[in-house]
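Notes follow the structure.
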Amino acid sequence: MAQAWKCAGLRWSGAGPELLWDGGRRSPLSWGKRVAFEVAEGGVRVCSGARGHACPVRAAVPARSTGARCEECGRLDRAHSVAADGVADDPRPYRVYLAWFGPGLAKVGITAVGRGPARLLEQGAVSFSWLGTGPLMAARRTEELLRAALRVPDRVPYAEKRAVRAELPMTEADRALEIRELHARAAGLADWPESLAREPFLPVDHVEVFGLAGAPAAVGSVSELVAGGAVGGELVAAAGPDLHLATAAGVVVLDTRLMRGWELVPAGGADEVSVPVREFSRPAGHLQDELF
C-alpha cells in the first residue's frame, strides 16, 4: 500500500506556492506541474489540531469545513489569533492595508510588518496597498475607522473571490483603481491614531505571481473531498489557498484547506476529478514523485 500523507496547508514564499505536509516535507508548486492524489479508501477526516498540537481526541470534522478543526481546537486557535482579536498586547509593529480581489471586492486588514506581503498572498489579493504602520492597537483602531467610514469589510468570502477572477481588468492600473480611490478617501479622514505612520499609495499587483494572466477560466470548484475520491490536473494558476487545475472537464479550483485532515496517497491515471464539484454559473477564475 502506498504511503499516506497528511497536508498541513499551502504556504506562499518568494519562490511561489508550496504545499506543506505533516512531518515537515514541502512540495514546491509551479505552473504546468501535475497535482494528483487520492483520498485513502475508508478514510475519515480528522481534526488538524491547533497551534502546532494534534487534536487530543482525533475528532472527526465535516468534509466541507475549511478550518478542519473540531470545536475545542478551533476555540484554542482563535484564542491566540491576532486576526480573531485573541491577542491585544503583541509588541510587534503592524501594517494596515487595502486589498482588492476583483470588481467590487475590496477589504481592509492588518498584518505584522515582519510578515511582509505574505498575508496578502495567502488571502488571494489581486492588488493591494499599504495604508499605515504602527502598534497593534493603533492598527486595529484604524481598521475599525475605515470599516465604519468607508464601508469596507475586513473579510471577503473565498467563494466571492473565485467568482470574480474571470472578470479582472487587463491592466495593472485598472486593477488598482478601486483601492486607489479608497486610499485617497482614507487619507482624508480625521481621527487616525497619532501613533500610526501613514504610507503613500503604492499598489502591488499579484496577477503574474498568481499565474492568472492568460490562464483559462475555471468551470467549478471542489466542494469537498471524500474517501476513495481522486483529484488530478495540471496547475495553471493559484491564488490564496486555491489551486487552479486543468482537468479533462476544464479548469477546477481546489481549495487546499479541504485537504487537511485526510490521509492522501499518490494517484496516477488521467487528469480527472472524482469528488463533488460545484459548477460555476459563469466562468470563475481566469485567470508526481511521491504525492506530487
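The values are calculated or read from the model by the stated rules, or taken from the named source; none is laboratory data. These numbers were taken from a predicted model, which means no experiment stands behind them. We place every Cβ from the backbone using ideal geometry, glycine too, and count neighbours over all the protein chains shown. Accessible surface areas use protein heavy atoms only, side chains included; no ligands, DNA or RNA. Shrake-Rupley method; radii C 1.70, N 1.55, O 1.52, S 1.80 Å.
The table below gives the values:
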quantity: Extension gain (nm, one decimal) between Arg75 and Met137, 0.36 nm per residue minus Cα-Cα; calculated: 20.1 nm
quantity: Solvent-accessible area, 1.4 Å probe, carbon plus sulfur percent, for the chain; calculated: 52 percent
quantity: Debye log10 I(q)/I(0) for region 1-127, one point scatterer per Cα, at q = 0.10, 0.12, 0.17 Å⁻¹; calculated: -0.44, -0.63, -1.21
quantity: Isolated Cys residues of the chain, judged by Cβ distance under 4.7 Å to other cysteines; calculated: Cys7, Cys73
quantity: Net charge contributed by nearby residues that have their C-beta within less than 14 Å of Pro241 (K/R +1, D/E -1); calculated: +3
quantity: Förster radius 22 Å - calculated FRET efficiency between Asp174 and Leu202, Cβ distance, rounded to 0.05; calculated: 0.85
quantity: Separation in nanometres of the label points that stand 7 Å from Cα toward Cβ, at Arg147 and Asp90; calculated: 1.5 nm
quantity: Distance between modelled label sites at Ala227 and Ala59, nm, 7 Å Cα→Cβ extension; calculated: 2.0 nm
quantity: Accessible area, probe 1.4 Å, largest first, for residues Ser221, Ser281, Ser30; calculated: Ser281, Ser30, Ser221
quantity: Accessible-area value, Asp22, 1.4 Å probe, nucleic acids and ligands omitted, Å²; calculated: 90 Å²
quantity: Qualifying lysines (Cα of each under 23 Å from Cα of Lys107; at least 8 residues distant if same chain); calculated: Lys161
quantity: 5 Å-binned pair-distance histogram of region 165-215 (Cα, whole percent); calculated: 4, 16, 24, 17, 13, 10, 8, 5, 1
quantity: Surface per residue (accessible, 1.4 Å probe) for the chain, Å²; calculated: 46 Å²
quantity: Cleavage-rule hits (GluC sites (Glu not before Pro)) in region 25-81: DSSP loop, at most 15 neighbouring Cβ within 10 angstrom; calculated: Glu41
quantity: Volume of the Cα convex hull of the chain, divided per residue and given in Å³; calculated: 129 Å³
